[in-house]
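Asks: This is the structure I have questions about; it appears just below.
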Amino acid sequence: MNLNQRWSDMNSSQRKGLVIAIVAVVVIVLGLAGVSFLQQRGNEGPDTVAEEEEKDSEKTGGNSENAGKDDRGSNEEGADASQTAENQADPLAGFTRQDQTVWTTARVNFREGPGMDSGVISVIGSRQQLSSSAFSPDWYYVTYGERSGFVSASYISKEEPPAPEPATNQTAALPSVTRPAGSAGRVVVIDPGHQRNGDSTPEPVGPGSSATKARVASGTRGTTTGVPEYELTLAVGLKLRTELQNRGYTVYMTRESHDVNISNMERAQYAGSVGADIAVRLHGNGVENSGVSGALALAPSTANPYISSLSGESQRLSQCVLNAYCSATGLRNRGVSGNDSMTGINWSSVPVTILEMGFMTNPSDDRNMQDTAFQQRMVQGIANGIDDYFGL
């Protein structure tokens with residue numbers, strides 16, 4: 001018998017009772033399902049939050065896969081990337097407090113906190129002496145310039161690292177010199193920039209640097225006169241040597257001809273090898289805009305990762321030379337700029353300046369710098385600036 005026949009055989013009272021029973025069962029089932037659902041939601045709440053917190057922790061390094069990876073170069077440190085809440089509140093939590101002198105063994109990032117996810121303040125060069133006041137197995141808290149921060153313990157030594165072996169020039173040697181015994185004059189090295197043929201072989205931009213640049217370029221060229229930069233710098237350099245010698249200086253030249261192969265690093269090292277007091281590098285400038293004119297000087301900035309200790313004297317030398325040069329020549333004074341990317345600056349062990357004597361891409365500057373009388377004014381101005389630097 002099917003359900004329809006059963007329903008037909010029931011009287012009205014039986015049908016009413018069946019409907020009431022079915023409704024009651026439905027109400028009970030729905031009520032039990034609601035309780036179960038609410039209990040389940042209540043149990044899921046804390047677990048979901050915990051899961052989100054765990055994910056956030058992973059994003060901030062709490063479960064980082066980068067722990068112990070190398071962060072050298074632009075990211076030179078190697079250390080655990082994780083930072084606990086305690087470290088975030090107190091960066092020196094867990095550090096041993098101890099004042100000591102340490103040295104960097106390679107270029108290393110100088111960070112705001114003890115972790116690879118901390119901001120980089122600057123880059124510290126190799127073989128830099130630092131004062132450390134606290135350390136952990138992974139990080140040293142040091143002072144660099146006027147800032148305090150963290151460097152990876154992987155690139156710190158408690159003993160001064162040995163100086164790197166200087167590269168040897170296999171193509172051509174710098175002029176051999178002997179400093180006169182008892183010379184009363186100041187010693188100046190003149191570096192006439194560039195040479196006839198460039199050399200694109202890479203060399204490090206500074207001591208211990210993994211970054212490289214070409215050993216030396218042939219330079220720019222006068223767009224009006226057609227004279228190459230390497231000819232201009234040597235012509236002025238030879239005249240400047242004579243002028244300085246007449247004023248009592250001992251003078252050495254990095255080159256006296258065009259057919260040499262002397263890298264920018266070797267030119268900088270040469271000044272130290274002859275006991276120079278200063279190094280003056282002569283260059284001609286060039287830009288696409290032919291309307292740009294004037295002279296400027298380049299010197300290491302206070303943040304230079306290699307020779308920051310020479311920044312002050314190099315800036316002063318640059319200012320003295322540039323001011324006197326522009327006064328003598330009438331060229332626009334475009335000021336002194338800090339530059340930390342020049343190999344010939346970064347390898348220097350003495351105060352150094354690069355004098356960009358004028359724009360060879362500017363018709364007026366170009367013609368003037370090839371005029372014999374004007375070159376003499378250029379030389380007088382540079383020599384006057386060197387006198388000013390030494391207080392003579």
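Asks: Hey, could you check segment 139-197 for residues that are open to solvent by 60 Å² or more (accessible area, probe 1.4 Å) and small (Gly, Ala, Ser) and say which is modelled with the lowest pLDDT?
Replies: GLY182
Asks: Does segment 294-303 hold any residues that are surrounded by fewer than 20 Cβ atoms within 10 Å (Cβ to Cβ) and farther than 30 Å from ARG147 by Cβ, and which are they?
Replies: The one that is surrounded by fewer than 20 Cβ atoms within 10 Å (Cβ to Cβ) and farther than 30 Å from ARG147 by Cβ: GLY294.
Asks: State whether the residues of segment 341-360 include one that is outside any loop (DSSP other than H, G, I, E, B) and among the charged types (D, E, K, R).
Replies: yes
Asks: Kindly list the number of the only condition in (1) modelled with pLDDT under 95; (2) open to solvent by less than 60 Å² (accessible area, probe 1.4 Å); (3) of a type outside the set (Phe, Trp, Tyr) that fails for GLY391.
Replies: All conditions are met except number (2).
Asks: Restricting to segment 323-340, name every residue that is among the basic types (Lys, Arg) and assigned to a strand (DSSP E or B).
Replies: Correct list: ARG334 only.
Asks: Out of SER349, SER301, SER364, report the one residue that is of a type in the set (Ser, Thr, Tyr) and over 24 Å from LYS213 (Cβ atoms).
Replies: SER364
Asks: Would you call GLN319 closer than 30 Å to GLU146 by Cβ, open to solvent by 60 Å² or more (accessible area, probe 1.4 Å) and at pLDDT 95 or above?
Replies: Criteria met by GLN319.
Asks: So for segment 86-99 (the condition being over 20 Å from the mean Cα position of the chain (by Cα) and closer than 24 Å to SER209 by Cβ), does at least one residue qualify?
Replies: For segment 86-99, residues over 20 Å from the mean Cα position of the chain (by Cα) and closer than 24 Å to SER209 by Cβ: absent.
The values are calculated or read from the model by the stated rules, or taken from the named source; none is laboratory data. Computed from a prediction, not measured in an experiment: that's the story for all the values here. Note: ideal-geometry Cβ built from the backbone for every residue, glycine included; neighbour counts use all protein chains shown. We work out accessible area using only protein heavy atoms, side chains counted, and drop any ligands, DNA or RNA first. Shrake-Rupley method; radii C 1.70, N 1.55, O 1.52, S 1.80 Å.
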